[in-house]
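Novice: Could you have a look at this structure, given as structure tokens, before my questions?
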Amino acid sequence: MVPHSPQQRSQPGDRLTLGESFKGLNIAANAHACTITPFIRTDFGSEGIGMHGLVGAGMILAWGCYFNCYPMFIYFLGWMAACAVQRVRTYLNWRRGVIIHTRYNGYPWLARRFFPRVSEANAKAVEAFACLAIGGLLAQFWPPLGWYVMAGFASIMFTEAVMVELTRRRLQAMRDAEIEQKYLAEKYREGRF
């Protein structure tokens, strides 16, 4: 039997785990969604755009450079202006005393305008489908820009699905904590500890 050389042995941290892959996918999806949502949402939290916006800015520029698509740079300038408007709005909300979660990713004002009776979560799903439609129209004139916007369908749906699952798990943990506290309170009243 031939012993392995040190270069052939893999260290525990050398392999990409499923959790790390999911984190990377989540960051990429949030960053891409963040390049679309400032146009179609409002009332972001103070960190609602944050680091995802910085990564998203790089995504827009990299996509535009790779495909040599001038309209992507126009899109970038429009996105920067939309982010500035959202930042001012966040500041004004803070000055008025409006309390918003710091990482809130925005209220879907545009989708709620066209579909006022749907819930906020469903309105965000409508936004994803709007990305398909608008991106399809843009792809007729500027294919790279259209594909980028159409990819918003996947990124918005993915990020919203992750948020729904996180909320469900948090509620489940709260229910479990309630059950445990009731059990412990019962045992405490019995005095057998």
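The values are calculated or read from the model by the stated rules, or taken from the named source; none is laboratory data. Nothing here was measured: the structure is a model prediction, and the numbers come from that model. Quick reminder, even Gly has a Cβ in these numbers, built from the backbone with ideal geometry, and neighbours come from all protein chains shown.
Novice: Anything in the stretch 61-80 that is small (Gly, Ala, Ser), touching a Pro at 6+ places or on another chain (Cβ under 9 Å) and free of Cβ contacts under 8 Å to residues at least 60 places away in the same chain? List them, or say none.
Specialist: Across the stretch 61-80, there are no qualifying residues.
Novice: Answer yes or no as to whether Tyr66 is surrounded by 20 or more Cβ atoms within 10 Å (Cβ to Cβ), at pLDDT 95 or above and of a type in the set (Phe, Trp, Tyr).
Specialist: So Tyr66 does not fit the description; no.
Novice: Kindly indicate whether any position in the stretch 134-147 is under 17 Å from the mean Cα position of the chain (by Cα) and free of Cβ contacts under 8 Å to residues at least 60 places away in the same chain.
Specialist: no
Novice: From the list Glu47, Glu127, which residue is closer than 23 Å to Leu166 by Cβ, in contact (Cβ under 8 Å) with a residue 12 or more places away in the chain and surrounded by fewer than 18 Cβ atoms within 10 Å (Cβ to Cβ)?
Specialist: Selected residue: Glu47, the only one of Glu47, Glu127 that is closer than 23 Å to Leu166 by Cβ, in contact (Cβ under 8 Å) with a residue 12 or more places away in the chain and surrounded by fewer than 18 Cβ atoms within 10 Å (Cβ to Cβ).
Novice: If you take the residues of the stretch 113-166 that are assigned to a helix (DSSP H, G or I) and of a type in the set (Val, Ile, Thr), which of them is nearest to Gly78 (Cα to Cα)?
Specialist: Among those residues, the one meeting the criterion is Val149.
Novice: Here is a follow-up. Which residues, counting only those in the stretch 67-80, are within 13 Å of Gly53 (Cβ to Cβ) and out of contact with any Ser or Thr (no Cβ under 7 Å at 6 or more places or on another chain)? Show your work before the answer.
Specialist: Of the stretch 67-80, the ones within 13 Å of Gly53 (Cβ to Cβ) are 76, 79-80.
If the condition is that a residue be within 13 Å of Gly53 (Cβ to Cβ) and out of contact with any Ser or Thr (no Cβ under 7 Å at 6 or more places or on another chain), then Phe76, Met80 are the ones that fit.
Novice: Hey, another quick one. Answer yes or no: is there a residue in the stretch 107-117 that is surrounded by fewer than 19 Cβ atoms within 10 Å (Cβ to Cβ), over 25 Å from Ile27 (Cβ atoms), of a type in the set (A, V, I, L, M, F, W, C) and out of contact with any helix residue (DSSP H, G or I) (no Cβ under 9 Å at 6 or more places or on another chain).
Specialist: no
Novice: While we're looking at this one, here's another question. Being crowded, with 21+ Cβ neighbours inside 10 Å and either modelled with pLDDT of 95 or more or closer than 24 Å to Val118 by Cβ (or both) narrows it down to one of Ile74, Ile40, Ile100, so name that one.
Specialist: The unique qualifying residue is Ile40.
Novice: Find the residue count for the stretch 167-193, including only residues that are among the small types (Gly, Ala, Ser) and assigned to a loop (DSSP other than H, G, I, E, B).
Specialist: Matching residues across the stretch 167-193 total 1.
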